[in-house]
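J.: The structure follows.
The values are calculated or read from the model by the stated rules, or taken from the named source; none is laboratory data. Note that the coordinates shown come from a computational prediction; the quantities given were computed from them, not determined experimentally. Note that we place each Cβ from the backbone using ideal geometry, even for glycine, and neighbour counts take in every protein chain shown.
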Number of protein chains: 2
Amino acid sequence: MLPAIAHSTRHAFQHNELRSKELWSSVQEVCDLLRINRPLDLYEDSSRFQHVRFKAGQTVNLNNDPLENLFLVNCGFLKSSMTDDLDKELVLSFPMKGDLIGVDSIHLQHHQSQTMALSDCDIILVPYSTLQELCKKSEQFGHAILQIMSREIVRERYMLGVQRSLSAEAKVGRFLYMMGERYAQLGYSSRRFNLRMSRNEIANYLGVAIETVSRILSVFHRLGVITVNQREIVIIDPAFLTDLLKFSSTKDRSAERCTQKSQLGTVNKFAKPKQQQRQQPELALS
Amino acid sequence: MLPAIAHSTRHAFQHNELRSKELWSSVQEVCDLLRINRPLDLYEDSSRFQHVRFKAGQTVNLNNDPLENLFLVNCGFLKSSMTDDLDKELVLSFPMKGDLIGVDSIHLQHHQSQTMALSDCDIILVPYSTLQELCKKSEQFGHAILQIMSREIVRERYMLGVQRSLSAEAKVGRFLYMMGERYAQLGYSSRRFNLRMSRNEIANYLGVAIETVSRILSVFHRLGVITVNQREIVIIDPAFLTDLLKFSSTKDRSAERCTQKSQLGTVNKFAKPKQQQRQQPELALS
DNA sequence: CGTTACTTTGAATATAGTCAAGCAGTGTGG
DNA sequence: CCACACTGCTTGACTATATTCAAAGTAACG
């Protein structure tokens with residue numbers, strides 16, 4: 001079983017190194033990592049899953065590779081992306097420990113996306129054939145796999161909601177907050193962490209321009225909500241970021257908005273009063 | 001087995017009526033409807049799935065209902081939506097014949113969305129327990145279900161791409177085109193069909209303002225690309241709509257764009273030449 | 001026939017994107 | 001160790017796209 005050791009961001013790789021001997025995992029270990037209940041009826045199962053190392057920058061799987069393995073992240077940070085009609089990259093997610101890569105490929109039996117290691121990684125190979133066998137053997141396991149797929153659908157749907165109804169500020173705010181939450185789940189700090197991805201990758205992921213990301217981070221910083229130093233982030237006021245969640249987008253700026261945001265507007269810049277404005281400009285980026 | 005009868009939009013309900021006697025479907029019929037291979041090892045299976053009628057406007061399932069059944073659309077048109085933090089509706093999809101509703105609910109065993117009938121509907125109840133049994137009985141069936149889930153993930157991801165990197169025009173264009181394709185799959189015309197949903201629902205689905213949808217439809221109409229009469233759509237130049245796909249968003253307006261679009265700009269309005277424009281304004285909405 | 005809900009259109013405005021330039025951190029070779 | 005280039009990031013100025021507000025038009029319904 002994998003002990004859930006809490007360790008700071010800085011020691012992640014060191015910890016990773018320590019694991020280098022564990023080359024194979026059991027079904028139970030895999031289930032723990034996937035955050036699903038251990039199927040009791042598979043306690044005796046002898047299947048073992050191979051670990052593979054990837055160095056930062058290496059490609060885990062390429063778009064259109066035939067589906068042989070799913071990839072379960074044991075350690076490290078990755079970027080999963082697809083290429084659209086125009087060969088433009090489209091960042092889909094930033095998988096980390098416990099995430100299963102490749103569930104999208106079951107449909108057509110070919111990978112629909114490519115995954116790159118953003119840091120050194122330890123990845124567990126989960127052959128699809130083994131997965132099928134286990135589903136057959138254990139109803140519990142079968143259910144769990146459906147749960148994971150379902151979870152993935154819900155997660156993607158959530159992102160869809162983010163894309164549709166949030167302003168750029170709210171997107172960035174939410175992104176930071178959620179990264180914090182994810183780190184927390186892994187035992188790191190939710191308030192102080194290192195973004196493993198470039199601004200470009202963030203911008204792509206959020207569907208906004210890179211300059212916009214940069215500007216918004218600066219604004220947040222100036223407001224004292226976060227601290228930014230390159231990719232090193234400190235979240236000072238997480239509530240602010242979650243509050244942004246609520247006042248999503250310009251589409252439903254309600255009465256509530258005035259109250260909170262107008263303050264920020266003034267913190268941000270020396271509110272030169274424009275005549276006849278419907279609402280305070282909330283987080284003017286200039 | 002369900003014969004694939006091609007009939008015009010207008011006769012859908014009439015046809016629907018004809019079916020009113022079919023109250024139960026077999027596993028094979030369900031698989032056909034789901035567009036997955038019939039599991040040979042379930043040929044003898046005696047499971048039967050109940051049909052249920054819904055009238056336009058009725059609710060099929062509510063958010064947070066415990067997961068008992070998945071819903072397979074046999075006939076009719078629906079709208080699936082969720083409610084966000086702010087009780088704002090968020091339209092997720094417009095299920096029609098062959099679509100499976102509720103795969104998102106497996107994760108937490110509660111429905112994560114609500115579904116409303118936009119027209120009279122015939123829905124097949126698929127108890128989750130039965131689904132699990134069948135997965136256990138038939139590896140083929142199990143694989144097929146995973147495929148469906150995977151397909152759903154890919155589909156949602158596609159929408160994510162649409163949301164992120166397409167302009168409003170392109171979104172609407174793509175929406176119309178895809179509706180056409182979906183109708184075609186069901187044996188209707190891909191060029192002439194009736195949108196079952198309101199402008200509001202379209203706007204919500206696409207993540208743009210309702211006025212924007214209206215304007216863009218008008219522009220398309222004026223350009224002679226489509227005909228709009230309330231919810232009755234005729235697609236005259238589907239290629240135009242698919243071409244819009246490519247020149248997605250302002251984010252990558254490339255050289256290609258000039259060529260094609262500048263013509264349209266002039267068709268659209270009496271191109272009053274603005275001085276110093278980088279590119280022709282393509283589909284000015286005014 | 002009037003009320004309601006949905007849709008279209010116009011005008012003004014805001015948000016975010018593009019272009020352009022400069023800055024900061026990193027690495028390489030002299 | 002420093003100049004050099006290189007890449008990634010930030011900031012400013014300008015502009016386009018799409019939103020909001022407002023109003024009028026149209027279809028649907030009792």
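J.: Do we have A:Asn37 as closer than 29 Å to B:Gln140 by Cβ, in contact with a strand residue (DSSP E or B) (Cβ under 7 Å, 6 or more places away or on another chain), assigned to a loop (DSSP other than H, G, I, E, B) and within 14 Å of another protein chain (Cβ to nearest Cβ) here? Before you say what the answer is, go through the steps one by one.
T.: Details: closer than 29 Å to B:Gln140 by Cβ: yes; in contact with a strand residue (DSSP E or B) (Cβ under 7 Å, 6 or more places away or on another chain): no; assigned to a loop (DSSP other than H, G, I, E, B): yes; within 14 Å of another protein chain (Cβ to nearest Cβ): yes.
Against the criterion (closer than 29 Å to B:Gln140 by Cβ, in contact with a strand residue (DSSP E or B) (Cβ under 7 Å, 6 or more places away or on another chain), assigned to a loop (DSSP other than H, G, I, E, B) and within 14 Å of another protein chain (Cβ to nearest Cβ)), A:Asn37 does not qualify.
J.: Please specify each residue of region B:209-236 satisfying the condition of being within 14 Å of chain A (Cβ to nearest Cβ), surrounded by fewer than 18 Cβ atoms within 10 Å (Cβ to Cβ) and near DNA strand C (Cβ under 7 Å from one of its atoms).
T.: The answer is B:Ile210, B:Glu211.
J.: A further question follows. Residues B:Ile202, B:Ile123, B:Ile153: which one is in contact with a Phe, Trp or Tyr (Cβ under 9 Å, 6 or more places away or on another chain), aliphatic (A, V, I, L, M) and away from DNA strand D (no atom under 16 Å from the Cβ)? Please lay out each step first, then the result.
T.: Working: B:Ile202 fails: away from DNA strand D (no atom under 16 Å from the Cβ); B:Ile153 fails: in contact with a Phe, Trp or Tyr (Cβ under 9 Å, 6 or more places away or on another chain).
Only one candidate qualifies: B:Ile123.
J.: Another question, then. When residues of region B:104-120 are filtered for being farther than 18 Å from B:Ile145 by Cβ and in contact with a Phe, Trp or Tyr (Cβ under 8 Å, 6 or more places away or on another chain), how many remain?
T.: The total comes to 5.
J.: In region A:120-141, what residues are modelled with pLDDT of 95 or more and either under 30 Å from B:Ala203 (Cα atoms) or of a type in the set (Gly, Ala, Ser) (or both)?
T.: Result: A:Ser129, single match.
J.: Could you go through region A:33-56 and let me know if any residue there is surrounded by 21 or more Cβ atoms within 10 Å (Cβ to Cβ) and of a type in the set (Val, Ile, Thr).
T.: Among the residues of region A:33-56, not one is surrounded by 21 or more Cβ atoms within 10 Å (Cβ to Cβ) and of a type in the set (Val, Ile, Thr), which makes the answer no.
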